[in-house]
1. Across the Cα atoms of the range B:600-748, what radius of gyration and what greatest pairwise Cα-Cα distance (Dmax) are found, in Å?
2. By count of other Cβ within 10 Å, fewest leading, how are B:221, B:111 ordered?
3. Sort the range B:144-199 into rounded, prolate or oblate with this rule: let a ≥ b ≥ c be the square roots of the eigenvalues of the Cα gyration tensor; rounded if a/c is under 1.5, and if a/c is not under 1.5, prolate when a/b is larger than b/c, oblate otherwise.
4. Provide a whole-number value for the mean count of partner chain Cβ atoms within 10 Å of the Cβ atoms in peptide A:92-98.
5. Quote the FRET efficiency, to the nearest 0.05, computed for residue B:83 versus residue B:145 with a Förster distance R0 of 51 Å and r equal to the Cβ-Cβ distance.
6. Using helices alone, I'd like the mean residue ellipticity at 222 nm for chain A: each DSSP H run of four-plus residues gives -39500 (n - 2.57), total over residue count, nearest 500.
7. Once both axes come from the Cα atoms, what is the angle between helix A:253-272 and the longest principal axis of chain A, in degrees from 0 to 90, rounded to 10?
8. Distance between the C-alpha centers of the range B:254-299 and the range B:199-227? Whole Å please.
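Please treat every number below as a calculation from the coordinates, not as lab data. In this text, all values refer to a predicted model and were calculated from it rather than measured experimentally. Heads up, the Cβs are rebuilt from the backbone with ideal geometry, glycines too, and the neighbour counts pull from every protein chain shown.
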């Protein structure tokens, strides 16, 4: 395992080192998905690509939004907008734990000085109809990653099984950089002419979104948008697979899945507004799951999902 | 005699599954070996986060050869039958024995199964065990199809002979070939090494920083933690569940103690403990001088060059972040609480409890009304019960409870105090959820009791009103638990409560709410009036009729005819109420069964006057069960059943009901006259005793009928030719039934 001589000096340095580490392990370096998602798992490169027989190895940063976690930028490590680093390898290689530990060393964590542990945390995404077994990885009591062997996605068994790694980038970087408050963490190199902290980049946005998410977002509009996304998803998938214009077989799993992502985010916003009761919550989650399921059904009918004419 | 050592080495096994898995491995392996004829002297299993280990001592070298005899056809049987027998037994004709049998001479085949070496059997059994291991949850990985709790990396399986030589058991499971190597600690170990037997294995592991025995790890953690706390003049807050869990998270435990920041000392102890235990798996350390939780102990899995300084600093930082989150919630919540919690209560108006049953606020309004009714009956001030119900669920809107749902109620209690509410109200906020499980304590403070009962009865009646009763194993709203809660609160507090009227009233409140949209104003007014009337009369039917009669005469009165809303509610509520009471009775039976009360004895006490008074049912049932253990009681039941059978048959045959008019003047012999006298005496005695709720006396009076009833049946033929005498006797039997029924319905008893 490559031991880095120097500790990273900034948030972006941590990201860059993860990128080069996983690139060196042979992962395709993808870019974030261009929609509001609650977690990196929602990226089609994970959700959809974990289905079917085709081997896959990808890594990417994914900006993620959790409206209920907004703290107006005041909490040392809670944010409504944050970054996840996501790795998905299918089939999961036998030495995935060692590969993962290598990535911690790559960002300057000395495994002989810290207490790294794999603590049971079975992952389940009720909205994606997905689950897997694995752990949250603790470094000195802090959860730095989620490590999951996918067993089912969108109601489909995963065979082969994908190994998924999700790093909470801010938390991990804060720890590596020794920052006590996320907003104080250097975003770029502190020795550059224009040093920027995480707060310089995001504090104001956190404040604005916290207010918006908790108190202002128009719930009537959101409820309506939820219904629209739900209807659109079904409508897209309702089309015949043969495209009359090109004469090709085009399933449109991904456009439909975009609507599923949209519905999921709107649900999160409604949840943050506190207008969904525990009992209703289940119903909404069930509705998003139904969309995810339909999209997964559609994806396995595509070439990337393993469909063969 | 060889020893067997097995280690199944995998990625981290969840802590909560380890003990059970080690035990399963031992049980399944030894059972399988014994079944295959391989006995052993002793076996022990161990677990760490990464391995399950089984050591078996004194195994047989091989399972002994087994010879069995199989009986075949007679020697004069058709040739085909004899050939068939030879084939199935695999024995040549000349090797068959001929033996004399009752039926003549028969062929006997002696079949010998040779012994098998231990290694073959171990391999076979282990493969079966691995493939069918009863993990609570298992998974696949990579491109394989083998299932294990997490990816299985290596199998160590060796037999060690008395000379200390180890032989690997030849075995391969889905590409995993058994060997004689393992590895120690993930970070402190020295790589893979081979072992020759259990002693060597355990010693090598220890050298490579693995404590194999979970009990040893737990002892070690406890001792280190207590020492650390003691050295600082403090005490460890005991937490056995956490100890077992933490022992399953480490192979080499190292306890480290840290301080909780001064700025968090204002947080309630429950918040500190919950946050530390749930999120960090930290033990709490209390300062006996201040009574506060001031330090934490974390258990690391590694020894470091800086003696854990980095690890402790990291853990402290994580804790500070967690607690600063908690503090943020707490301070925000305090502002709302001190201002009277208004916004929280308001917010509950837009939180749906259940789609049909409306918002949490609507639910609270109903609970308040019922708590106000119940308050005085359980010794609480009605206003206080009402106030407690009003704020008991306010904390559901608080930020702390959003973060830690398990602190609901506990936080409510703190916030109610901050709001300046009386102590009884604050206590009720925490206690009204109780009891949550069969072993959870029930509330005893009157205000808590009133709100706890009202809460549970509102839930039950609500789901009954919308026809969402639990079915089979489906009980998504935990209605069985709510019913058990009602039962335990009533019984353990010795409350004499007629539930009927409260159930009726609450059902009616639900019906009013459920029909609020479609009903006219007049109809709602009428229903409200019935609700008030129920409170006065106590019986739904009477209240309903009284109000309907009253409005029936007025002009512009709402429709009360067949098919009208009012009529349908009037019909439905009593049915729902009866059904809910039956559900409570069922739960009561389950509950009392654990207390040793027979279910048929309880059945015999349910459908009598006071069947909605749970304490009365239990008192009656206990007295009945007690009397049934006496000879008189036992025999009385036989006499009663005989009387009942004769009567029922006669009533069926004659098509009439013999229920009245037994007259002593038609009595013939002394036994018959004596029974008249005994019934007269018992009737008064039982009635008086029941009135006084002295069920022991009532049962005794009933049991006293045993001798006269037995004597009567001994001497008298009920179905005589004399029609007058026969009718009189049947009416007499009916009196037995009716008089006993004052005390208990003996016909429900089994046997």
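1. Looking at the range B:600-748, its Cα Rg and Dmax stand at 15.1, 48 Å.
2. On the way: B:221 22, B:111 13.
The order, fewest Cβ neighbours first, is B:111, B:221.
3. The shape class here is oblate.
4. Numbers: counts 6, 2, 6, 2, 4, 6, 1.
Per-residue shielding by partner chains comes out at 4.
5. Numbers: r = 44 Å, r/R0 = 0.86.
With R0 = 51 Å, the Cβ-Cβ based efficiency is 0.70.
6. The helix contribution divided over chain A gives -12000 deg cm²/dmol.
7. 60 degrees
8. The two parts, judged by their Cα centres, are 26 Å apart.
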